[in-house]
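To keep things clear, I will list the structure first and then write my remarks on it.
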Amino acid sequence: MHAAFLGKLMIELQVFSFHSDEIMHQDIIPLYAADIQDQLKKQFNAKSGGRGGDGCPVITFPDYPAFSEIPEKEFQNVLTYLTSIPSLRDAGIGFILVIDRRQDKWTSVKASILRIAASFPGNLQLVLVLRPTGFFHRALSDIAFKFNKDEFKMKVPIIMLGSVSELQGYIDKTQLTEDLGGTLDYCHNRWLSRRTAIEGFAQKVKQTAQILQSIGTELAETELPNDVQSTSSLLATHTEKKDKMKEDIRLAVEQGDDILGSITKPVTENPEYKLNQDQLDNQTTVERLLAQLHETETAFDEFWIKHQQKLEQCLRLRNFEQNFREVKAALDIVSERLSAFTDVGNSCSHVEHILKDLANFEEKSCETIAKARMLASESDAFIQSNHYAVDSIIPKCSELHNLCDAFTTETERRRNLLNKSLELHGLLEKSLKWCDEGIYLLASQPVDKCQSQDGAESALQEIEKFLETGAGNKIKELNKIYREYAHILNEDLKEHVQKVFQKQESMEEMFQKRQVSLKKLAAKQTRPVQPVAPRPEAFVKSPCTSPGLQREYISNSESSALRRVNYRRGKSEMTELHQSRGGSTMDDEENLAVLRQHVINELIETERAYVEELLCVLEGYAAEMDNPLMAHLISPELQNKKDILFGNMEEIYHFHNRIFLRELENYVEYPELVGRCFLDQMEDFQIYEKYCQNKPRSESLWRQFSDSVFFQECQRKLDHKLSLDSYLLKPVQRITKYQLLLKEMLKYSKNCEGAEDLQEALTSILGILKAVNDSMHQIAITGCDGNLNELGKLLMQGSFSVWTDHKKGHSKVKDLARFKPMQRHLFLHEKAVLFCKKREENGEGYEKAPSYSYKHSLNMAAVGITENVKGDAKKFEIWYNAREEVYIIQAPTPEVKATWVNEIRKVLTSQLQACREASQHRTLEQTQSLPLPASSCTSPSRNHIRNTKKMEERKADLASLEGYGTTIAPKCPEKGKGWAKTCHSLDASEENDGWSSAEDPLNSSDAEEEGGGGGGGGEMKLTPGKYTVVTDYEKGVSEEFTVKSGDLVQLIREGEDGLWYVKNLSTGREGWIPANNLLMLIGNSKSAQSLSSSESGTASSTLSTSSSCSDSCNASSTSFSDIKG
């Protein structure tokens, strides 16, 4: 149809162009009045519009004195133009020439006639010459014309006229102008102006036709774009061209109407006025041009309507295609998210949460589905309106309908599955609740009241009444459950159903046994007997404490034997006087089992709720920050801040959802063994440290944007009463909740198999909480250029009052330091202790947390401690480089002091042990080459024998060690002073027990002397005093007396059978230890009393041995540059 209108338009335009060219019908190049306007203005000839008797056009050559001077080219142009004005029909009849030479000479007349005859381009019918009026020239012209007639031979006759009256005999006076005695209204300037206007209008019409033809072709041949923007731009461009074309046509029509009005103006003004033939021809020409212009405009309008319709259809199609792509992508995302709803849940609350998520998801997806259905309706409308691209629209329309229907169907299917799962979990939970109530009923029945017949019958009635409630609560047929819920039963859920059914069977078996016992008691008794409540023994728990615990059933023979043993034991107890106590113990154990079950249930239920809350936050907030549909609600400052706001919450969620929760559920039947579950996953709990360290940044960001419309919209969609910050606190609350639940479980499991694991798990969780708390303080340290991670694990941190006493300081500074304590926050690492100044910050929440300005640090390899300071039980000393620097530390409480001293002692002991192990790699010759102190009376050979024996016995070189180098040190502002030397003299009266990893007074001269004067044995003799334990010992005479490596023990007295009475000063416990074991425990350790009484000898001895020991240590390590500041 579009092509048909274009063809019609082309035909109209061709006709239009033909008529406009017909106005000027020259065969070669047409002349226009505007082109020869100056030549026409000379008026040496004119076409006044007069006609002869047969309608021949009249061309007048008025008297023009300079006729002979007119250039031939101009003369030829004017003649050609004038002869081209009449129509082809009129021009074919022939022209009448009127040559007015009344004022000229004969010679000029002759020349004019000859020139006209030679140059006239048209057909001539008659030539009328008005000869000169002068007598002489008139007579001369008559004679000359007669005698020279042959020279004027032309195709038409030439008539010489003597006056205008004679002229009127040939041409009517109405067809002659006034200068020829006629009445024809003619003004040459007006004629010239009108001819110029008509020809200009014709030219304008022709140009318009050409432009319309060009535009029509361009519009029709333009290839339609493939995108919305280009199509919209093309439509705007074509519309602009159309509007411009319409404006040009309007101007052309207006121009033609003006010309037509000027032609008909005399008639309008005077109805009796008669237009001459030329005027009529002009009127006809202009009217024809205007008619063709209107027809062309109409054809173009029709073409444009179709073209515009096609462009608009194309634009709608491109919009449809673009919307289709967007909706299709959105539907794909929605379908993908819907396909993620594969979980059928592990509890009623979990399934309800999934159903709620599905409902929220469906609500969020409604907008997308609505858009898709609206787009499908739009495509249906395209098809109904016979859109030109209907073939490409139909498949997309069908796809949209199918996607929407598929989404609705799949959503309904998922909802039905979840409802079925909810129904199944409801049955399972009802069964579990019924089992728990039954177990609680059995545990709550007082055994003493069942001794009487009435009491036993009452208990029986309670049991029977409870069992009657099982009809609506318990699972009756397992296979029926499998058949009815086959389409939702995955492996985990099927296993859960089996466990519930097994628990139900076990509970029923317990009831049956209790009923049998109670029925026996209810029978008439000859004498009062106190029965023992039978324990359910349908199954036994595996001693294995691995997290993959499964129920292990005993064989029939084992079960029978077990029943016989229990029966005999129960019968024996019933005949004894303590059967009441035995029944009470059994009753207590059942009560503890119920309490343990309550704790594990709370642990698992709260864990599920915790996982669901994390998922809710991640999907309802974190994921929405990446949702393009919500992007407009997020301020630019909040964009790309998801990792700061939520930290590693996603990592925490995956750990709990995929690992920890599933492991916990394996222990639902074995609550007392749940400690192993925590221990197996303890390393994974370290992720909470990262979350807590990020919490200050998260809370600061939340306070900045808590009023954001985005968070409000997310909270509204989730239907949360609490804002996001409450949920961001959940991980912190959860990690602190575990230790409370473990304490509860441990309280009810002290005599159970997993008690040790529970205690260890509790200790580990508390350790993680401490590490998290310590790390929160550590990240607040400022001013230290080094990497704190290179200092090893952070062991302790706390605030203390600190006095300094440096040997190299100014005396006034020393005195001032003694009386004015500094408030310092200490951080004890494995390799250094840091002194910082605590600075309180203003703000809210985590911003109010203090920061710590780094002051200086001490390398633990050069540190020693003095545990007790005279006059204050809360003080202890940390000294550095053989007491060159002494820091008196006052703890808040004696307990805090004891904890710190023990921890520092462990660090120093571990360093000493590491150095000794490094020394084992040296040969005996190197050990023998160690320089001995000057006061020693022991020969090198005897020293060699002694050291050799000790290495064989303990596989350790106990030579005196001056220090052990460390390979890594932080780059702190100031450098320290190397390894610490041995401790200076200690005042025994103050009981200042000094410790340092650089000390080992065993090789002192005093130790050699105490070892005996003989040269053979070199065996150490035990004497009362204080010693350092170098290895753990847990095999004392008393089971409660144990010592650990690094403990300080005091040998009090020697008893019989080679036993020593020993007091562990670190724990305060006392007990007997065999002498042989003591030698192994304390090795060559020197007592504190010996150190204080032989100060000079010890100092010289240890100093003399330091260089060689340092050399031995340097074989495997580099010297540590001290980090004292």
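Readers should treat all values here as calculations from the given coordinates under stated rules, not as data from a laboratory. Nothing here was measured: the structure is a model prediction, and the numbers come from that model. All Cβ positions, even for glycine, are placed from backbone atoms using ideal geometry, and neighbour counts span all protein chains on display.
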- Query: So how far apart, in nm, are the two label points at Glu1054 and Glu790 if each is 7 Å from Cα heading toward Cβ?
  - Reply: 5.2 nm
- Note on the structure: Plugging the Cβ-Cβ distance of Glu399 and Ser377 into 1/(1 + (r/R0)^6) at R0 = 25 Å yields, to the nearest 0.05, a FRET efficiency of 0.95
- Work out, step by step, the length gained on full extension between Leu478 and Gln37: first 0.36 nm times the residue separation, then minus their alpha carbon distance; give nm to one decimal. 147.2 nm
- Residues of segment 71-88 with amide N under 11 Å of a point placed 7 Å along Cα→Cβ from Asn123: 88
- Query: Once label points are set 7 Å from the Cα along Cα→Cβ at both Glu69 and His188, what is their separation, rounded to one decimal in nm?
  - Reply: 1.5 nm
- Query: Hey, what do the phi angles of segment 1041-1050 turn into as Karplus ³J(HN,Hα) couplings, whole Hz, using 6.51/-1.76/1.60 and θ = phi - 60°, x for Gly and Pro?
  - Reply: 9, 9, 10, 10, 4, x, 5, 9, 10, 10
- Item | Contact order normalised by residue count of segment 288-407, Cα under 8 Å, 6+ apart, percent | 29 percent
- Task: Could you grab the relative contact order for segment 217-305? Cα pairs under 8 Å, six or more apart, rounded to a whole percent.
- Result: 29 percent
- Message: Please report Rg (one decimal) and Dmax (integer) in Å for the Cα set of segment 653-764.
- Response: 17.8, 56
- Message: Could you give each residue of segment 397-410 its phi-based ³J(HN,Hα) in whole Hz, using Karplus coefficients 6.51, -1.76, 1.60 with θ = phi - 60°, and x for Gly or Pro?
- Response: 4, 5, 5, 4, 4, 5, 5, 5, 5, 5, 5, 4, 5, 5
- Nearest-0.05 FRET efficiency for Asn419 and Thr606, computed from C-beta distance (R0 25 Å): 0.45
- Note on the structure: Under the 7 Å Cα-to-Cβ spin-label approximation, Arg115 and Ile305 lie apart by a distance in nanometres of 6.1 nm
- Quick calc, Asn868 & Asp719: beta-carbon distance into FRET formula, R0 60 Å, rounding 0.05, result 0.45
- Query: Between Lys246 and Ala631, what length in nm is gained on full extension when 0.36 nm per residue of separation is reduced by their alpha carbon distance?
  - Reply: 133.9 nm
- Query: What is segment 354-487's relative contact order, in percent, from Cα pairs under 8 angstrom and six or more apart in sequence?
  - Reply: 24 percent
